[in-house]
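Working notes, structure below.
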Amino acid sequence: MKRLQAIALTTVSVLGLLTGCGQGGETAGAGTPQGQEAGASQGADLSAIYTGELEKNVTIRVLENDTAIAQGYFQELLDAFNAAYAADGIVAVDANMDQYSNLADDGPYGYGPDVLYQANDVLMKYVEGRHIYPIPAESLSCWETIPQTAWEAYRAQVDGTEYYMGVPVNVQSSMLYYRKDLLPEDWQEQWDDDGNQIPDMTENWNDMYRYSKELVGQGDGRYGYMRSLYDVYFSSGFLFSYGGYVFGDNNTNPEDIGFSAGDARLGASVLLQQASLMNEDCIDDSVTVGAFSKLADGTYFATMTTPDVYSQFLKELTLAYEGQGMSHEEAQALAEENLVVTDVPKLPKSGDLTEEDPELIPLKAMGGVNGYGISAYTKSPNACLAFVEFATSYEMVMKRHEMLGIVPARRDAADAAGGISEIIYSNLEQGNIVIMPSIREVEQIWTPAQTFFQDLAKDAFRTGGRSYDSLEKIQAGLEAVDAQIYDAIHTLSGQ
C-alpha cells in the first residue's frame with residue numbers, strides 16, 4: 001500500500017479529483033458547466049486547490065443537519081465564523097437544503113453546498129463520482145486530537161493513492177435513554193441483583209423484556225422499551241452481536257454480504273421478541289418520530305437512539321414538567337436529573353429474552369462518524385477549508401457538545417465532556433461499535449434490510465400464519481436480504 005497522503009497537493013495521480021474550477025471567485029458553489037462529467041480533469045495542478053490564500057469577498061453555502069439547525073447551534077457557528085472572517089469578506093450561510101440532498105445530483109448544476117456535514121457513509125459515496133475534494137488533514141489543528149479509528153471512516157483510495165476525504169466531528173452510536181423517575185419504587189430491592197446501584201433492566205435485555213412485560217400487563221397504555229424496529233441503523237446491531245456483518249474484509253468487500261452470517265438469526269429473534277411487547281408503532285417510523293414526547297409524558301420508559309438528540313429529549317421533558325406547574329428552572333433541573341443516557345444493555349448469548357440467569361454478551365451497535373467534507377464544485381476551496389478548520393476547533397466542538405449532546409471525535413473535547421463520551425470511546429476501542437461502511441455500495445443495503453426488519457416487526461402482530469415462527473424461517477429471511485443486496489450491487493447497478 002502506498003504511503004497515506006493526506007494533503008498531496010502536487011501529486012499527479014489525483015488530478016482527476018478536480019471537478020470544479022479550483023480558483024477563487026466571487027461566488028461559491030457555481031459547479032461545473034451543464035453536461036460536464038463530474039470528476040473530469042480541468043488540467044490544473046492540485047496545488048491550485050488549497051493555495052493557502054483565502055478567496056476574498058465570497059459566500060460559502062454550508063449544509064448542516066436538521067438537529068443542529070433546530071437547536072440553534074448552526075446559527076451560532078455561522079455567526080462566530082463570519083465575525084472571525086469579516087475582514088476577508090468571507091460569509092458562510094445556510095445552504096437552505098434538505099439534509100439528505102444529493103451532491104451528485106445538485107453539484108454539477110450549481111445547486112449543491114460548498115461544505116457539507118454528513119455521516120461517513122453518505123459523504124464517502126461522493127468519492128467514487130469525485131464530487132468531493134481530498135482534505136489536507138495533517139495540516140489541520142485537529143489532526144492529532146482525533147483518533148485514527150475516526151479518521152479511518154474518511155479514508156479512501158483514489159487512483160492507487162489514499163487520502164482523507166472528510167474531517168470527523170462526532171462519533172455516533174446507540175445509547176439507551178430512560179426515565180429514572182419511572183423506575184419502580186422498590187427497584188433497588190427487586191431490580192438490582194448485583195447491588196451495583198444500576199437498575200437491571202438498563203443493563204441487560206432480559207430484564208428489560210421482563211420489565212416491559214410487567215408494564216404492558218398493567219393495561220394502562222404504558223410501555224417499557226420502544227423502538228422503530230424497521231430502522232436498519234439500530235436493528236442491525238442485534239445481528240452483528242451474533243456474528244452478522246455488512247460487508248466482508250472489515251466492511252470493504254461488497255462481494256461478501258453477511259447479514260445472515262454466523263448466528264445473526266438469534267439477533268433477529270431478539271428483535272421479534274421485543275416487538276411482542278410493543279405496539280404497531282414499532283413497524284414504521286412512528287416511534288422514532290414520537291419518542292421525544294412519549295418518553296416525556298411517560299408512555300415509554302426507555303428507547304434507544306443516538307447521543308446527538310439528547311437536547312430534544314431534554315426539551316420535551318422540561319416542557320412536560322412545566323405543564324405540571326413548575327417554573328422553567330425547576331422543570332429543567334428535574335429533567336436533567338431524570339433523563340438518563342447510558343450504554344446499551346447486554347444480550348443473552350442464547351438469544352432467548354425469557355432465559356433466567358443468561359450468559360450475557362455485549363451489543364455490537366452500528367455506529368458512524370459525522371463530519372465535514374468540501375464539495376469539488378466549490379469555487380472557494382480555501383475559504384471552505386477555513387470554515388472546516390474553524391468548525392472543528394476545540395471551542396466549536398465543545399459548543400456543539402453542550403448544545404446538542406454529541407460525542408466529540410476530538411479526544412481533548414471528549415475527555416472534557418466525559419460521561420457519554422467515555423462510554424462511546426470505550427465501546428469503540430473494544431470493538432463494540434461497528435462503523436458503517438465507507439464504500440459506495442453501502443447505499444444498496446438499506447431498502448432490503450429495512451423491508452426485512454419491517455416484516456419481522458409485523459410478525460408480532462399477525463393473527464394468521466406467522467412468517468418467522470422458527471429460527472430456520474428467520475435465517476431464510478436474512479439470506480434473502482443478502483441476495484437482494486448482492487443483486488442490487490452487482491446486477492441491477494450493472495457492476
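The values are calculated or read from the model by the stated rules, or taken from the named source; none is laboratory data. These numbers come from a predicted model, not from an experiment. Cβ: placed from backbone, ideal geometry, glycine included. Neighbour counts: every protein chain shown. Areas reflect the complete protein model, heavy atoms only, side chains present, ligands, DNA and RNA absent. Shrake-Rupley method; radii C 1.70, N 1.55, O 1.52, S 1.80 Å.
Computed values, structure above
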| read-out | value |
| --- | --- |
| In segment 144-189, the residues that are in a helix (DSSP H, G or I) and within 30 Å of Leu334 (Cβ to Cβ) | Lys180, Asp181, Leu182, Trp187, Gln188, Glu189 |
| Candidate set from segment 378-393 (those that are out of contact with any strand residue (DSSP E or B) (no Cβ under 8 Å at 6 or more places or on another chain) and outside any helix (DSSP H, G or I)); member that is farthest from Val115 (Cα to Cα) | Ser393 |
| Count of segment 455-485 residues which are under 17 Å from Val232 (Cα atoms) and open to solvent by 70 Å² or more (accessible area, probe 1.4 Å) | 3 |
| From the options Asp200, Asp194, residue that is on the phi < 0 side of the Ramachandran plot, more than 29 Å from the chain's Cα centre (by Cα) and free of Cβ contacts under 8 Å to residues at least 24 places away in the same chain | Asp194 |
| Conditions (1) within 19 Å of the chain's Cα centre (by Cα); (2) open to solvent by 20 Å² or more (accessible area, probe 1.4 Å); (3) hydrophobic (A, V, I, L, M, F, W, C); (4) assigned by TED's automatic domain parsing to the domain that holds Glu138; number of the one not met by Ala391 | (2) |
| Residues being within 29 Å of Asn102 (Cβ to Cβ) and part of a helix (DSSP H, G or I) - total across segment 125-138 | 5 |
| Sole exception among (1) under 20 Å from Leu471 (Cβ atoms); (2) not in a helix (DSSP H, G or I) for Glu255, by number | (1) |
| Top-ranked residue in segment 213-228 [being of a type outside the set (S, T, N, Q) and in contact with a Cys (Cβ under 9 Å, 6 or more places away or on another chain); ranked as surrounded by the fewest Cβ atoms within 10 Å (Cβ to Cβ)] | Arg227 |
| Within segment 94-148, tally of residues that are under 30 Å from Asp415 (Cα atoms) and crowded, with 17+ Cβ neighbours inside 10 Å | 19 |
| Counted residues, segment 394-424 - those being open to solvent by less than 10 Å² (accessible area, probe 1.4 Å) and in a helix (DSSP H, G or I) | 7 |
| Odd one out for Gln274, checked against (1) in contact (Cβ under 8 Å) with a residue 24 or more places away in the chain; (2) part of a loop (DSSP other than H, G, I, E, B) | (2) |
| Enumeration of residues in segment 85-103 that are under 18 Å from Pro381 (Cβ atoms), of a type outside the set (D, E, K, R) and not in a loop (DSSP other than H, G, I, E, B) | Val91, Ala92, Val93, Leu103 |
| Checking Tyr245 against (1) touching a residue at least 60 places away in the same chain (Cβ under 8 Å); (2) open to solvent by less than 50 Å² (accessible area, probe 1.4 Å); (3) not basic (Lys, Arg), the condition it does not meet | (2) |
| Yes/no for Asn427 being among the polar types (S, T, N, Q), modelled with pLDDT of 95 or more and assigned to a helix (DSSP H, G or I) | no |
| Enumeration of residues in segment 473-482 that are touching a residue at least 40 places away in the same chain (Cβ under 8 Å) and not polar (S, T, N, Q) | Ile474, Gly477, Leu478, Glu479, Val481, Asp482 |
